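Notes follow the structure.
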Amino acid sequence: MTTHATNTTDTAKTTNTVNAAKTASTAQTTSTAHRARTAETVRPASARRRRPELASFLRTRRARVTPADVGMPPGLRRRTPGLRREEVAQLSGVGVTWYTWLEQGRAINASPQVLDAVARTLRLDAPEREHLYRLAEVPFEAAPDALPRRVTSEVQAIIDTLDPLLAVVYNSRYDILAANSAYLDLFTVPQTAGIGAPNALWTLFTVPERACPVVHRERELPVMVATLRSAYGRHVGEPAWEEYIRALSAASPWFAQLWASGEVIPPGPRVKTFRHAAVGEMRMTSQSLSIDGMPECRIVVYTPKDEESREKVTMLRERRERLWPPSSTTENPAP
């Protein structure tokens with residue numbers, strides 16, 4: 001009897017221990033799930049909205065890629081208009097469950113390497129790849145030195161039409177991609193060492209002060225450097241950017257000092273004063289306009305701030321036409 005009682009007691013203890021362990025495990029699982037739901041709940045509304053957008057984006061991109069596009073046989077009884085989820089996972093080198101969760105918009109982490117693999121499988125172009133990164137809340141890095149280096153004839157025609165207003169196309173490094181004659185009346189822009197492109201900052205920091213067309217350099221140039229740094233954050237480590245910063249710092253100790261200050265300012269409208277030897281000073285308002293299909297590029301137009309400046313801008317155009325009259329081949333030919 002004693003032995004039987006002891007065994008019964010031991011069995012009860014073991015059962016209680018197992019039940020306690022199960023209860024603890026269930027509580028831990030419930031707690032983990034609760035924390036995950038809580039973390040998802042406290043995320044900003046904009047972040048929570050990205051996940052459904054990510055799910056929809058991945059589904060539509062997957063639907064447009066056929067097995068033939070990626071060298072796979074179509075197979076039989078294929079109801080999916082494009083690739084299957086497991087095929088995307090296989091081609092991307094990721095787990096089927098993980099990709100399924102990603103496409104379902106679950107709150108999982110994704111590395112840049114994995115997103116790159118998925119982007120290659122789904123044949124995403126550069127804008128789509130950046131869109132994927134934004135939706136997945138992963139910092140996006142553009143391809144090295146991916147800044148546009150030229151404009152279309154349509155963009156050139158737009159800024160030419162703005163003459164006598166000064167108009168120029170900058171990228172985020174202040175490379176001058178195009179300019180109209182009115183802008184070139186005021187600025188001389190030599191090629192930038194190491195990059196080969198005309199560059200506004202390089203010009204303003206390396207010409208003698210008496211030759212600089214910008215009045216109040218001590219006020220205006222720090223703003224331009226801070227604007228440059230706001231763009232630099234997207235290009236840290238890129239060889240073209242690093243060489244540009246290194247070379248300009250070597251050419252201009254003042255630029256190096258301003259760069260080291262770490263100030264950051266986004267582009268925006270400003271009133272600037274320019275000078276030209278023939279007409280004197282002109283007060284101009286700068287306004288930036290984005291260009292479709294040219295990321296990190298903008299048309300900057302300078303409009304006269306007052307009537308005196310407007311008259312001087314017109315005088316500069318008239319002076320140019322006297323000194324360099326339009327070629328007879330560009331005028332209406334005689335019948």
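The values are calculated or read from the model by the stated rules, or taken from the named source; none is laboratory data. None of the values given here were measured: they were computed from a predicted structure. Neighbour counts run over all protein chains shown; Cβ positions are idealised from the backbone, glycine included. Just the protein is used for accessible areas: all its heavy atoms, side chains included, with ligands, DNA and RNA removed. Shrake-Rupley method; radii C 1.70, N 1.55, O 1.52, S 1.80 Å.
A residue that is surrounded by fewer than 17 Cβ atoms within 10 Å (Cβ to Cβ), closer than 23 Å to residue 166 by Cα and touching a Lys or Arg at 6+ places or on another chain (Cβ under 8 Å) can be found somewhere in segment 195-211.
With a requirement of 3 or more residues that are buried (at least 16 other Cβ atoms within 10 Å of the Cβ) and under 27 Å from the mean Cα position of the chain (by Cα), the helices (runs of 4 or more DSSP H) lying completely within segment 53-124 that satisfy it span 96-103, 112-121. A count restricted to segment 297-323 and to residues that are open to solvent by 60 Å² or more (accessible area, probe 1.4 Å) and either under 30 Å from residue 126 (Cβ atoms) or part of a loop (DSSP other than H, G, I, E, B) (or both) stands at 1.
Each row is one residue, and each column tells you yes or no for (1) over 30 Å from residue 140 (Cα atoms); (2) over 32 Å from the mean Cα position of the chain (by Cα); (3) in a helix (DSSP H, G or I).
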| residue | (1), (2), (3) |
| --- | --- |
| 220 | yes, no, yes |
| 242 | no, no, yes |
| 248 | no, no, yes |
| 267 | no, no, no |
| 295 | no, no, no |
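If the condition is being of a type outside the set (Val, Ile, Thr), closer than 18 Å to residue 268 by Cα, touching a Lys or Arg at 6+ places or on another chain (Cβ under 8 Å) and modelled with pLDDT of 90 or more, then segment 217-252 contributes 220, 228. Listed by first and then second residue, the pairs with beta-carbon distance under 7 Å, at least 6 apart or on different chains, first residue in segment 148-164 and touching a residue at least 40 places away in the same chain (Cβ under 8 Å), second open to solvent by 30 Å² or more (accessible area, probe 1.4 Å), are 163/181; 163/317; 164/314; 164/317. For residue 154, which of the numbered conditions (1) within 30 Å of residue 321 (Cβ to Cβ); (2) at pLDDT below 90 fails to hold? It is condition (2) that residue 154 fails.
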